[in-house]
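The values are calculated or read from the model by the stated rules, or taken from the named source; none is laboratory data. Values in this document were obtained by computation on a predicted structure and should not be read as measured data. Quick reminder, even Gly has a Cβ in these numbers, built from the backbone with ideal geometry, and neighbours come from all protein chains shown.
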């Protein structure tokens, strides 16, 4: 399954703009046949706030459709599917309130972000309910993942939980490769 970036069309006039932020018809024509069951939102007061790298393991693995509704983020997806030719590799995209982009990250990928501006809000739809016993993650700045984060570790803000996540080299993935290499597809 590919990671899909959706560019949301805005209808602008002198009052501001209107946008259709989700259409099942459009989504299903470019991404997986999934249904969303829960919407989540996070708010970060400071720039350089890190969230992730998170995922849920089966049987409650989640795909996520991520949007930045205020501020801006550097958003990352890491392929954690055993046997994938892109295992341990990542893609990144900037999402912001200004650019209105969304990214769909299927199950089998770890997801993380860092805020690029203060007062940033992120909204995302997920394909399965939150399950504390299936909650998992990897440390965000693991050198083995080679992610070029736009803020150094020394100035980044993390939760104690995220700071204590395990390293990638010791990770035994519960996800298996589905035959589709990781790619980043952009939809106008």
Subject >> Breaking point among (1) over 10 Å from the mean Cα position of the chain (by Cα); (2) crowded, with 21+ Cβ neighbours inside 10 Å; (3) closer than 21 Å to residue 19 by Cβ, for residue 123 >> reply: (2)
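Considering each residue of the range 102-119, count those that are under 12 Å from the mean Cα position of the chain (by Cα) and either assigned to a strand (DSSP E or B) or farther than 16 Å from residue 65 by Cβ (or both), and give that number.
Residues that pass the stated criteria total 10.
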**OP:** Taking residue 124 as meeting all but one of (1) assigned to a helix (DSSP H, G or I); (2) under 21 Å from residue 34 (Cβ atoms), write down the number of the exception.
**Re:** (1)
Original post:
Any chance the range 148-162 includes a residue that's surrounded by 10 or more Cβ atoms within 10 Å (Cβ to Cβ) and touching a helix residue (DSSP H, G or I) at 6+ places or on another chain (Cβ under 7 Å)?
Top reply: no
Original post:
How about the range 1-67: which strands (runs of 3 or more DSSP E) wholly inside it have at least 1 residues that are touching a helix residue (DSSP H, G or I) at 6+ places or on another chain (Cβ under 8 Å), in contact (Cβ under 8 Å) with a residue 24 or more places away in the chain and on the phi < 0 side of the Ramachandran plot?
Top reply: 3-7, 50-56
Original post:
Condition test on residue 144, is it within 17 Å of residue 92 (Cα to Cα) and assigned to a helix (DSSP H, G or I)?
Top reply: yes
Original post:
Here is a list of conditions, (1) touching a helix residue (DSSP H, G or I) at 6+ places or on another chain (Cβ under 9 Å); (2) closer than 16 Å to residue 6 by Cβ, and residue 95 meets all of them except one; can you say which number that is?
Top reply: (1)
Original post:
Considering the range 69-83 alone, what residues qualify as being closer than 17 Å to residue 4 by Cβ and not in a strand (DSSP E or B)?
Top reply: none
**OP:** Among the numbered conditions (1) more than 17 Å from the chain's Cα centre (by Cα); (2) modelled with pLDDT of 90 or more, tell me where residue 3 comes up short.
**Re:** (1)
Original post:
For residues in the range 168-185 being in contact with a helix residue (DSSP H, G or I) (Cβ under 8 Å, 6 or more places away or on another chain) and closer than 20 Å to residue 83 by Cβ, which is surrounded by the most Cβ atoms within 10 Å (Cβ to Cβ)?
Top reply: 168
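To keep it simple, each residue is scored yes or no on (1) under 18 Å from residue 54 (Cβ atoms); (2) in contact (Cβ under 8 Å) with a residue 40 or more places away in the chain.
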| residue | (1), (2) |
| --- | --- |
| 93 | yes, yes |
| 96 | no, no |
| 115 | yes, yes |
| 128 | yes, yes |
| 132 | yes, no |
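Would you check if residue 36 is surrounded by 14 or more Cβ atoms within 10 Å (Cβ to Cβ) and farther than 15 Å from residue 123 by Cα?
Details: surrounded by 14 or more Cβ atoms within 10 Å (Cβ to Cβ): yes; farther than 15 Å from residue 123 by Cα: no.
It is false that residue 36 is surrounded by 14 or more Cβ atoms within 10 Å (Cβ to Cβ) and farther than 15 Å from residue 123 by Cα.
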**OP:** Being in contact with a strand residue (DSSP E or B) (Cβ under 6 Å, 6 or more places away or on another chain) and over 24 Å from residue 135 (Cα atoms) is the filter here, so list the residues in the range 101-121 that pass it.
**Re:** 101, 116, 117
